[in-house]
Amino acid sequence: MSRYGRSGTLVASGTPGRSGTGHRAGSPGYASGLTIAIVAGVLLGAAIAAPWLAPQDPYDLASLRLDHARLAPLTRDEDGTLHLLGSDDQGRDMLSAILYGLRVSLGVAGAGTALALAVGLAAGLGAAWRGGRLEALIMRVVDLQLSFPTILVALMLIAALGQGPDKVIIAIAVSQWAYHARTVRSTAATELRRDYIAAARGLALPAWRILIGHLLPNCLAPVVVLATAQMAAAISLEATLSFLGLGVPVTRPSLGLLIANGAQYVFAGQYWMSLWPGLVLLATIVVIQHTGEQFGRAVAGGVSRR
Amino acid sequence: MTIDPRQGAGVRMMCSPTSARLPGRSAGLRLMVGLVLAVLTALGVADAEADSAATRPAPALRIGLAAEPTTLDPHAVNIAPNNALAWHLFEALTHIDARARLIPGLAESWQAIGATEWEFRLRHGVRFHDGSPFEAIDVVASIERARRLPNGQFGSFVQRISALRIIDPHTLRISTSTPYAALPLDLDSIFIISHRNAMASSDAFDRGEAAIGTGPWRLRRFSRGEGVELERNDDYRGEPPQWQTLELKVYSAERSRMAALLGGDVDLIESVPGADLVRLRGNARYSVAQAVSWRTLFFHADERVPEKAAAKDYPLANPSVRQALSMAIDRRAIVDRLLDGAGLPASNLVSPGVFGHDDTLPTPVFDPARARALLAQAGFPAGFDLTVAAPNNRYPGDARIAQAVAAMFARIGVRVRLVTLPVNVYLPRARRGEFALALLGWGSFSGDLALRSLLATRDPARGNGGWNWSYYSSAKVDRLLETAFGEIDLARREAMVRAAMRQAMDDVAVIPLHHTMASWAMTRSLSYEARTDEFTLGHHVRHAALPR
Amino acid sequence: MGYSALVRIVQSLVTLLAMSILVFVAVYLIGNPIELLVPPQASESEMARAAQALGLDQPLPLQYLHFLGQALQGDMGRSFTSNAPALTVILERMPATLELAIAAALIATGLGIPLGLLSALHEGSRTSRLTLGLATLGFAMPTFWIALLLVMVFSVQLEWLPSGGRDASGTVFGLGTSFGSWRGLAHLAMPACSLALFKLALIIRVTHAATRDTLRLDHVRQAHARGLSGVRILTAHVLKNISAPLLNVIGLEFGALVAFSVVTETVFAWPGMGRLLIDAINTLDRPVIVAYLLLTVALFTLINLTVDVVCLAIDPRLRQAPNR
């Protein structure tokens, strides 16, 4: 009936749902998964192999020349080098800049999200498990954090520690952990009332085994959905920070910084400086979201099987 | 882009059914296709001319500003948007014309009557917006208020005034503690309020009760952050504005300001990005005005030799190394390629036409080969490590310019670490001397004032060299400046300032980049004389003489 | 209930205190506001005088105590850059931001919840995948990019909507607001849409995920086995189950809309609080930053409190203490 029929919902399909992670070869779902996998592979491969794929080292300042700036796609500069995707306002080859920028974006957003997730999980689970004063304290810190603007966090970090990708990672983590903590706490609070936890407690299992072996896996589904959303948000956040001049160094641009730099030329019809990195960013986020969804589905399936 | 913009909407609507037929693709990918189409459409759109901006009836003028006036109190916050707004409501004893030269304002003439005393003759028949006459007592009240206002930022313009004497209602004598030839220029910054409002708070100005001046406009409404509405002062002493009402709206983002003009929300905008100027020049519906502004961008090179190093090992202490760095910069390329022509390669610390500008100083030549040779001669054949720092939200294109300069330095073998920071982080760190090469932009109406702040030997007690991030020190420059401030004869004074300027530039005390351009764009039916001081003054916007 | 609300309020006060200390330290770390405030030609003595006038010459703890003393009397200090009371400066901007946030929240929830529900109920269908794909796109592009695209299409090309600014000449109940006139609504449309897009995407996804999980729960399956209709299951079980996470998200996001719509307000020249905050940060206008963030904390606390109370009312399970 539907592409995801086997994992479909009760209301839609009328049959009890089961785990729907594995698509049969030949089904449309398989094709879709395959496309995503290929795009993901290409992006990841491009990011990893950037130094070998890129025609130019965009980090080599001496190779940037203003007379090669803002060349349209498929034009050759005076030295005869072909710029497949054009060049940016500093004379950077766009293809090279995008390959390296993808690395920066993925690295910064990934690390930031992972850090935020780790802190958020610990805080959220801790709050739900211990309850009482600790929970109140953690949730008040969460409130505080959520009302503290990322921009100010980023500014403080830059002022205190200097500019750099690591500061952006910290800024992302600092601004996002609270979301994870809140979600984990509310999910965990609900889960803690379920029978299997009571059963686990009844077995007198040590707390860490209940936390990690039982509670954590059952809190993962919403967390994974949120984490993929947050990873996408982190990429956007990094771009916005770069837009405001608080992001990565201009000599080592991320996709977001490339878009921000190119945005001012869009009105003049010089679309390539922001369009190409924008599309790569878009593809990256689509892939991340999709992967996250599959993952969430797998985890949810695992729960329903239990 | 060859897509006909008129079909834009059609393309957008088509994209979903077309892509929906693609089998086996995820919705996300399909939407990507749609987005590409949408973006391409938008690009076609951007090329299209807007249809709006037809000729409007004269009564109302709407201007899009780049930055927001924060208060109507003319003595409180010394930032350009506030001063520009204040010029609509208030006047000063002296004014600055479009070419940055001093002209009479509320004072019809002035002269030095001793080494430390000046006499100002005030205009007769001038009235404040409330009908009361303008007299010397109002000047005294204004100067005193500027000096005393808690948190006021205009005190520095009157700090050298030691006494005020009213001879008659239209004659005022002002004494300074030391000979100070720049006094008439400083008084251009002191807006004259009615003495009745001498004790008024900033809030009273913002509410409009005290915002009463002698200027060409009366206040109608001030809404912080949103804009200002003004109406013509029919009793204005000079040529009255050609508009019945004036609306000043704030669009701080370049893009939205431009869009506001193209969309017909405003008739004139200030501070137009270079790329858009090029585009607007080819558009019959709009005209642009452009002039070299009073702001010069340059790098201070910290000449202080680190404690543990020998002088010969610290490159920036050597004038020929600074010369080499200056020679490595292709100023023409920066202006043409990065700023789309919105700049003028600089040889001086102040813009052409500004008091003290030395026309005979040549713009530094671009010669990377000779720069390399100079470095080798100076003992750095393999280059050296250098931190180059710039703000990224202060001057037009600041961070991009710094990056291009870093690339040019890299090509003569200097290994650059580039730091670009928001100005609130940048300025304090630069003032603490944390960067070897630091970008600064400086606007001045007078070369002696600029030199004193930027390159005079540091002397905090006397307010000299406060922004001398180079720690440059030249006895000759200091002496020339000292003499110039005591010289009342304008021609002799300017000759001294030029000599000081030449000496400092010969020493490569700073590495000059370019003077920025001030630009305005407006509908074809208007005209505006581009001003060096970058102010957008509604009363100077006129109907274009003849629509082409 | 009353007691726990009291505890909340006390906790919030502590939060407010912590926030104010944080901001003081933050601004201190970033730089000395005096350097940005005084005109370039000022001498050192003038700078010292200005610092003294603003109390910036005192050691930081003393500055803080002074602020605290004033704040307890309801005085948050005067803005360094406009010389007006910090609270006045902020409150002047509040209506503009509130109406923007409300419009965006209405768009995001009004479209997001039904779309999220539908996409989960018809999991795998073409519409469902299209919706989720749309949600993905909503995340994909930074807000400034979307805002620019909107301006290019609707203002410059089609000339349907004004490119920026706010028109509050129309009135509702005597208050000037964008909702009061067509012109006002036209000004509001693009900023609200671009602000709503990200939140819309988030709400679609959260609704979708929560609904999908709920549909797998045993009691829902049983309900289905008992032959209850889809509509009944939806209203009796699904909506009740998804309301808690959804309300949490909506509450938080509304808070974020009010507090930090910086980028949107900048691009559309919307005279709201977000732009004020970034300007204040750029000039290190500490009184405004402090007052702003304290207001924000209060706002978030209020929102969280409301969300929790509403959740309790909807989902009785949360009332029991967890079994230990």
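The values are calculated or read from the model by the stated rules, or taken from the named source; none is laboratory data. Since this is a predicted model, take the numbers as computed values, not measurements. When we count neighbours, we look across all protein chains shown, and the Cβ atoms used for this are built from the backbone with ideal geometry, even at glycine.
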Residue in the range A:269-278 that is under 23 Å from the mean Cα position of the chain (by Cα), closer than 21 Å to C:HIS208 by Cβ and modelled with pLDDT of 80 or more present: no
Criterion: touching a residue at least 12 places away in the same chain (Cβ under 8 Å), away from every other protein chain (no Cβ under 14 Å) and touching a Pro at 6+ places or on another chain (Cβ under 6 Å) - qualifying residue of B:ALA291, B:ALA346: B:ALA346
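Residues are listed down the side, and each one gets a yes or a no for (1) part of a helix (DSSP H, G or I); (2) of a type in the set (A, V, I, L, M, F, W, C):
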{"position": "B:LEU440", "(1), (2)": "no, yes"}
{"position": "B:LEU449", "(1), (2)": "yes, yes"}
{"position": "B:ALA461", "(1), (2)": "yes, yes"}
{"position": "B:TYR471", "(1), (2)": "no, no"}
{"position": "B:ALA491", "(1), (2)": "yes, yes"}
{"position": "B:MET496", "(1), (2)": "yes, yes"}
{"position": "B:ALA499", "(1), (2)": "yes, yes"}
{"position": "B:SER519", "(1), (2)": "no, no"}
{"position": "B:ALA530", "(1), (2)": "no, yes"}
Residue that is nearest to the chain's Cα centre (by Cα) [pool: residues in the range B:275-332 that are among the polar types (S, T, N, Q) and within 27 Å of B:GLY353 (Cβ to Cβ)]: B:SER293
Selected residue [touching an Asp or Glu at 6+ places or on another chain (Cβ under 7 Å), crowded, with 24+ Cβ neighbours inside 10 Å and touching a residue at least 40 places away in the same chain (Cβ under 8 Å)] from B:THR532, B:THR523, B:THR536, B:THR516: B:THR536
Which listed residue is within 30 Å of B:ASP398 (Cα to Cα) and either in contact with a helix residue (DSSP H, G or I) (Cβ under 8 Å, 6 or more places away or on another chain) or within 14 Å of chain B (Cβ to nearest Cβ) (or both), from A:ALA227, A:ALA239, A:ALA136, A:ALA178: A:ALA239
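So that you can scan it fast, the table gives a plain yes or no per residue for (1) more than 7 Å from chain C (Cβ to nearest Cβ); (2) part of a strand (DSSP E or B); (3) touching a residue at least 60 places away in the same chain (Cβ under 8 Å):
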residue: B:ARG218; (1), (2), (3): yes, yes, yes
residue: B:LEU230; (1), (2), (3): yes, yes, yes
residue: B:GLY238; (1), (2), (3): yes, no, no
residue: B:PRO241; (1), (2), (3): yes, no, yes
residue: B:GLY264; (1), (2), (3): yes, no, yes
residue: B:ILE269; (1), (2), (3): yes, yes, yes
Scope the range C:136-151; condition small (Gly, Ala, Ser) and modelled with pLDDT under 70; matching residues: C:ALA140
Selection status of A:LEU258, modelled with pLDDT of 80 or more, in a helix (DSSP H, G or I) and away from every other protein chain (no Cβ under 11 Å): yes
Flag if B:GLU108 is more than 14 Å from chain C (Cβ to nearest Cβ), free of Cβ contacts under 8 Å to residues at least 24 places away in the same chain, over 20 Å from the mean Cα position of the chain (by Cα) and not in a helix (DSSP H, G or I): yes
Test: residue in the range B:404-412 that is more than 7 Å from every other protein chain (Cβ to nearest Cβ), surrounded by fewer than 18 Cβ atoms within 10 Å (Cβ to Cβ), not aromatic (Phe, Trp, Tyr) and not in a helix (DSSP H, G or I): no
Residue match in the range B:351-371 (condition: crowded, with 17+ Cβ neighbours inside 10 Å, hydrophobic (A, V, I, L, M, F, W, C), more than 11 Å from chain A (Cβ to nearest Cβ) and over 27 Å from B:VAL292 (Cα atoms)): yes
Residue in the range C:81-101 that is at the interface with chain B (Cβ under 8 Å from one of its Cβ atoms) and within 30 Å of B:ASP448 (Cβ to Cβ) present: yes
Options B:GLY353, B:GLY379: the member that is more than 34 Å from the chain's Cα centre (by Cα) and either touching a residue at least 24 places away in the same chain (Cβ under 8 Å) or part of a loop (DSSP other than H, G, I, E, B) (or both): B:GLY379
Qualifying residue in the range B:312-319 (condition: among the small types (Gly, Ala, Ser), in a strand (DSSP E or B) and surrounded by fewer than 23 Cβ atoms within 10 Å (Cβ to Cβ)): no
Selected residue [within 14 Å of chain C (Cβ to nearest Cβ), within 30 Å of A:ALA283 (Cα to Cα) and buried (at least 22 other Cβ atoms within 10 Å of the Cβ)] from A:GLY124, A:GLY91, A:GLY120, A:GLY112: A:GLY120
Residue within the range B:292-311 that is part of a helix (DSSP H, G or I) and closer than 30 Å to B:ALA382 by Cα present: yes
Counted residues, the range C:219-265 - those being modelled with pLDDT under 75, of a type outside the set (A, V, I, L, M, F, W, C) and buried (at least 24 other Cβ atoms within 10 Å of the Cβ): 0
Hits in the range B:312-327 (condition: over 14 Å from B:PHE384 (Cα atoms) and in contact with a Pro (Cβ under 9 Å, 6 or more places away or on another chain)): B:GLN323, B:SER326, B:MET327
Tally, over the range B:193-208, of residues that are more than 14 Å from chain C (Cβ to nearest Cβ) and of a type outside the set (S, T, N, Q): 5
